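Notes follow the structure.
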Amino acid sequence: MLKVHQIVLTTPQVNQVNMASRNNEPVPEFYPAYLDATFGKIEKAQELGLYNHVADVSTDDLEVGFAVMNRWSEVDEKMVRRHADLHSMSVGDIVEKEDGSKWLCTSFGFTQI
């Protein structure tokens, strides 16, 4: 089983960013960390506790997990146990294998972290 950890901004967080932008004020600290994570720079997002365990996928194969969380077919849906709002797996997401190893989804596959 793979545990999928993602950053999913809440409505209040999105509102904070939008309000700051409208008022020409600095955006909250979490927003640049969120943007960096979408490019694979996850350190600040981890430090701020932005990642949440959003789903479990019934496989131990990272590539299969990626496919399942991007196709969303009826068969794929049966392999995913959702714990929170989530999105398709993408760069910056963290996947934890049953052995405890953690992997960062990158532009071209996964890198162990």
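Please treat every number below as a calculation from the coordinates, not as lab data. These figures come from a predicted structure and were not determined experimentally. With ideal geometry, Cβ positions are generated from the backbone for all residues, glycine too; neighbour counts draw on all protein chains shown.
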*Which aspartates and glutamates does Lys102 reach when only Cα atoms under 17 Å apart count, and residues fewer than 8 places away in its own chain are ignored?*
Glu43, Glu47, Asp56, Asp60, Asp61, Glu63, Asp93
*Please work out which option in (i) 14, 41, 27, 14, 4, 1; (ii) 14, 45, 32, 10, 1; (iii) 14, 44, 29, 11, 2 gives P(r) over Cα pairs in 10 Å bins from 0, in percent calculated from these coordinates, and answer with its label.*
(iii)
*Reachable lysines from Lys97, Cα under 18 Å, same-chain residues fewer than 8 places away excluded?*
Lys3
_Need the full-extension length gain, Gln13 to Leu48, defined as separation in residues times 0.36 nm minus the C-alpha distance. One decimal, nm._
11.2 nm
_Highest to lowest packing among 105-113, 86-94, 5-13, scored as the average C-beta count within 10 Å_ = 86-94, 5-13, 105-113
*Mean-position separation - Cα centroids, the stretch 80-113 and the stretch 1-68, in angstrom*: 11
